[in-house]
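The values are calculated or read from the model by the stated rules, or taken from the named source; none is laboratory data. Nothing here was measured: the structure is a model prediction, and the numbers come from that model. In this analysis, Cβ positions are derived from the backbone assuming ideal geometry, glycine residues included, and neighbour counts consider all displayed protein chains. Keep in mind that these areas ignore ligands, DNA and RNA; they rest on the heavy atoms of the full protein, side chains included. Shrake-Rupley method; radii C 1.70, N 1.55, O 1.52, S 1.80 Å.
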Amino acid sequence: MKYNFDEIIDRKDTDSLNYDGWRQYIFKDDKNAKYNFDDDEFIRMWVADMDFSTPPEILNSLKERLDRKILGYTKVYNDEYYQIFENWCKRKYQWEIDRNEIVISPGIIPALNRIIPLIIDSNEKILIHTPSYAPFKNAGDYNSREVIYSNLKYVNGKYEIDLVDFEKKITNVDLNIRLFILSNPQNPTGHIWTEEELISIGKICFDNNVWIISDEIHCDLLRKGKKHVPLAKLFPNEDKIITCMAPSKTFNLAGNLMSNLLIKNEKVRHEWLKLYDDFISPLSIIATKSAYKDCDDWLEQLKEYLDDNFKLTHEFFMENFPKCNFIIPDSTYLAWIDINEYLPSYFNKDKLSLFFANKSGVLLEGGNMFVGNGDGFIRLNLACPREILIEGLNRIKTSLLSLY
């Protein structure tokens, strides 16, 4: 293998959320709060960035840009950026995009916070599936828009859209839902919705004058043999779709702060550009261009390594905790694992993260952190060197066995 995904990289004292900010993020605690393990002893399997090196092609591009010696005010002025992203979408998804629809955001979370008041009024509501990536709800709260839930159905360990409930809520005039935020691939489950499912929910929304924001940030991290279809590809003439894509998850560039939104609606796009046509870090542009242009081989080897990590994790749980429901996800590097059968009746499922932190020194996210419909689940980040993964899994095993 050309790239070394077994390399263990020291992230201490880099102001990393993963390493330095977990107390504040997971536990809403003071940065100096004490736990049963020292910082250096924790295994970090929580937030969605990787413990692998950012691709060397990107790092080399950044070094070359730094050699130009000036980091002045910068925007995307060169059409090369748009051509590179167009080529990426065509190469990976056979999707012809219109470069005129692309706007830049420092990330998907700020994009959600910014776009919601541009498309729905304060008395109009938002629908999300649960379990859900928490910033979907937070974006509604941030903008004082009420968020309504449609629970995914959990059938034989797999997730399905409850189309009956979904349509009932979309068509309920009293609820006044005017925006649905779609996660595809779904976070936290990692499920890729089929074309049939996407067409069904799309038609329900558009027939009822409901916008869709489609967060497709995990779409590049597919398991072998899986296929992702962008929602907007299925509705090429519909201007009530906003697609969110980024290199942040794919190439470990979360701190690069550069994401792409495709906004077909001219009025909304005009409003966005009027308010948010910000200057950009020159390093962000260089890194993003390099990611989409130079790193196909790196991504393929990453996916092979992740496939093996998922296989190892699945075998581990089937051997040690066979009553756990864990199906390897279609995409992402995040494992969504149902451990309900191994939690005693007295156990407070809202404290899963705290339990594993103090009992085993593993930082992970409990299902309660995903808005709703996730009690008794844990989400594990498997984008780490195999040595770290094995150590983390063994610690989780010890913790679960201690409950009995």
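Over the alpha carbons of the stretch 79-138, what is the largest minus smallest coordinate on each principal axis, giving the biggest first in Å?
40, 25, 19
Scanning the chain for helices, which whole DSSP H stretches are 18 Å or more long along the axis (Cα) and average -1.0 or more by Kyte-Doolittle?
The qualifying helices are 386-402.
For the stretch 1-76, compute Rg over Rh where Rg is the Cα radius of gyration and Rh is the Kirkwood radius from the inverse mean 1/r over Cα pairs.
For the stretch 1-76, the value is 1.08.
Based on the alpha-carbon gyration tensor of the stretch 1-149 and its eigenvalue square roots a ≥ b ≥ c, which shape applies: rounded if a/c is under 1.5, prolate if not and a/b is larger than b/c, or oblate?
oblate
Can you list the residues of the stretch 228-250 with backbone N under 17 Å from a point 7 Å past the Cα of residue 96, pointing along Cα to Cβ?
Residues passing the 17 Å test: 230, 232-238.
Take residue 323 and residue 6, extend 7 Å from each Cα along the Cα→Cβ direction, and tell me the distance between the two endpoints in nm.
According to this spin-label approximation, the distance is 3.7 nm.
Return the distance in nm (one decimal) between the two label points of a simple spin-label model at residue 174 and residue 16, each offset 7 Å from Cα along Cα→Cβ.
5.1
Leaving out ligands, DNA and RNA, and with a 1.4 Å probe, what % of the accessible surface on the chain is carbon or sulfur?
46
Take every Cα pair under 8 Å in the chain that's 6+ residues apart, average their separations, divide by the length, and report that relative contact order as a whole percent.
Computed value for the chain: 24 percent relative contact order.
What accessible area per residue comes out for the chain, rounded to a whole number of Å², with a 1.4 Å probe?
45
What whole number of Å gives the distance from the Cα centroid of the stretch 37-77 to the Cα centroid of the stretch 351-370?
27
Give me the distance in nm between label points sitting 7 Å out from Cα along the Cα-to-Cβ direction at residue 304 and residue 24, one decimal.
Here the answer is 4.0 nm between the modelled labels.
What is the list of residues in the stretch 134-149 whose amide nitrogen lies under 16 Å from a point 7 angstrom out from the Cα of residue 123, following Cα to Cβ?
145-146
Please report, for the Cα atoms of the stretch 133-269, the Rg to one decimal and the Dmax as a whole number; what are they, in angstrom?
When restricted to the Cα atoms of the stretch 133-269, Rg and Dmax are 15.1, 44 Å.
Working from the pairwise distances between different alpha carbons, so that the mean of 1/r is found and then inverted, what is the stretch 266-368's Kirkwood radius in Å?
For the stretch 266-368, inverting the mean 1/r across all distinct Cα pairs yields 18.0 Å.
Return the subset of 158/240; 137/233; 92/158; 12/34; 227/303 for which the Cα-Cα distance in this structure is over 20 Å, preserving the input order.
Flagged as over cut-off: 158/240; 137/233; 92/158.
For the stretch 199-266, compute the orientation-averaged projected area of the C-alpha convex hull (one quarter of its surface), in nm².
For the Cα atoms of the stretch 199-266, the hull's average projected area reads 5.5 nm².
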